[in-house]
Amino acid sequence: GAVVSQHPSWVICKSGTSVKIECRSLDFQATTMFWYRQFPKQSLMLMATSNEGSKATYEQGVEKDKFLINHASLTLSTLTVTSAHPEDSSFYICSAQGDGELFFGEGSRLTVL
Amino acid sequence: EDQVTQSPEALRLQEGESSSLNCSYTVSGLRGLFWYRQDPGKGPEFLFTLYSAGEEKEKERLKATLTKKESFLHITAPKPEDSATYLCAVQAIRGRALTFGSGTRLQVQP
């Protein structure tokens, strides 16, 4: 089946620094990828839709200048959390559509000290 | 606005004790209803997609069914390794993001 890979799987950073998370579709091309955020014991909340070759579409309440999304190729989307603060600590998950279904990456746990 | 409600929030079963998880939804034109399993600290693992009312799909001890308003995930004779959070989600249009329910945390005790 289709595979979506995320890197890094976990990252710890100091407040004020920026962190980049990569999402790759390993065996299929994805013109659209989705970025979700998940807090402990809560469900996935859509942050933005990443479109290859164009600007991302952000959900209401998500700061586009804080969460920079780049979808430069058909197999790679990146999420950069800029000037991270402790409240940005969360589990970030990407997904992409392949073989007619939506597959998810393993997630990236961000901890901001 | 698409909405997904899952119940119960948490479920504790004895090994071998069959049960069902519920997913109620409202969506403007259903393209697909998805079931995922999520283990702690991991991304969701795809289980099933259902496309139309009356459709059923099975995988090992799991069986998913769909009506026009809800979906059920039946777990037959569960084992401890079935313990996880089960997520239900709907997709209104192909290529659009999923709307997730809050999940059901299942614990199967030996």
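Residues that are in contact (Cβ under 8 Å) with a residue 40 or more places away in the chain and in a loop (DSSP other than H, G, I, E, B) were ranked within region A:62-87; the one that is farthest from A:CYS23 (Cα to Cα) is A:HIS85. Restricting attention to region A:20-32, does a residue exist that is touching a residue at least 60 places away in the same chain (Cβ under 8 Å), within 9 Å of chain B (Cβ to nearest Cβ) and assigned to a strand (DSSP E or B)? Yes, the conditions are met somewhere in region A:20-32. In region A:9-17 there is at least one residue matching the filter, namely being open to solvent by 50 Å² or more (accessible area, probe 1.4 Å), part of a strand (DSSP E or B), away from every other protein chain (no Cβ under 14 Å) and under 20 Å from B:GLY41 (Cα atoms). Taken over region A:69-98, the residue count meeting the criterion of being exposed (fewer than 15 other Cβ atoms within 10 Å of the Cβ) and in contact with an Asp or Glu (Cβ under 9 Å, 6 or more places away or on another chain) is 2.
When region A:33-58 is filtered for residues that are polar (S, T, N, Q), in contact (Cβ under 8 Å) with a residue 24 or more places away in the chain and more than 19 Å from B:GLN6 (Cα to Cα), only A:SER50 remains. Test A:THR57 against the stated conditions and say whether it is open to solvent by 10 Å² or more (accessible area, probe 1.4 Å) and in contact with a Leu (Cβ under 8 Å, 6 or more places away or on another chain). Here the answer is no, as A:THR57 does not meet what is asked. Restricting to region A:20-42, count the residues that are open to solvent by less than 10 Å² (accessible area, probe 1.4 Å) and either at pLDDT 95 or above or not small (Gly, Ala, Ser) (or both). Of the residues in region A:20-42, 6 are open to solvent by less than 10 Å² (accessible area, probe 1.4 Å) and either at pLDDT 95 or above or not small (Gly, Ala, Ser) (or both).
The single condition from (1) within 10 Å of another protein chain (Cβ to nearest Cβ); (2) within 21 Å of B:GLY43 (Cβ to Cβ) that A:THR57 fails is (2). Within region A:88-113, the set of residues being facing another protein chain (nearest Cβ under 8 Å), part of a strand (DSSP E or B) and either hydrophobic (A, V, I, L, M, F, W, C) or within 25 Å of B:LEU50 (Cβ to Cβ) (or both) comprises A:PHE91, A:ILE93, A:SER95, A:GLN97, A:GLU101, A:LEU102, A:PHE103, A:PHE104. Taking strands (runs of 3 or more DSSP E) as the structural unit, those lying wholly within region B:1-104 and holding at least 2 residues that are crowded, with 18+ Cβ neighbours inside 10 Å, in contact (Cβ under 8 Å) with a residue 12 or more places away in the chain and within 14 Å of chain A (Cβ to nearest Cβ) correspond to B:3-7, B:19-26, B:32-38, B:45-50, B:84-91.
Residues that are of a type in the set (S, T, N, Q), closer than 13 Å to B:ILE75 by Cα and over 11 Å from the mean Cα position of the chain (by Cα) within region B:18-64 comprise B:SER18, B:SER19, listed in sequence order. Taking only region A:43-54 into account, find how many residues are at the interface with chain B (Cβ under 7 Å from one of its Cβ atoms), open to solvent by 10 Å² or more (accessible area, probe 1.4 Å) and under 18 Å from B:CYS88 (Cα atoms). Of the residues in region A:43-54, 2 are at the interface with chain B (Cβ under 7 Å from one of its Cβ atoms), open to solvent by 10 Å² or more (accessible area, probe 1.4 Å) and under 18 Å from B:CYS88 (Cα atoms).
The values are calculated or read from the model by the stated rules, or taken from the named source; none is laboratory data. Please read these numbers as outputs of a predicted model, since none were measured by experiment. All Cβ positions, glycine included, derive from the backbone under ideal geometry; neighbour counts span all protein chains shown. The accessibility values were calculated without ligands, DNA or RNA, using every heavy atom of the protein model including side chains. Shrake-Rupley method; radii C 1.70, N 1.55, O 1.52, S 1.80 Å.
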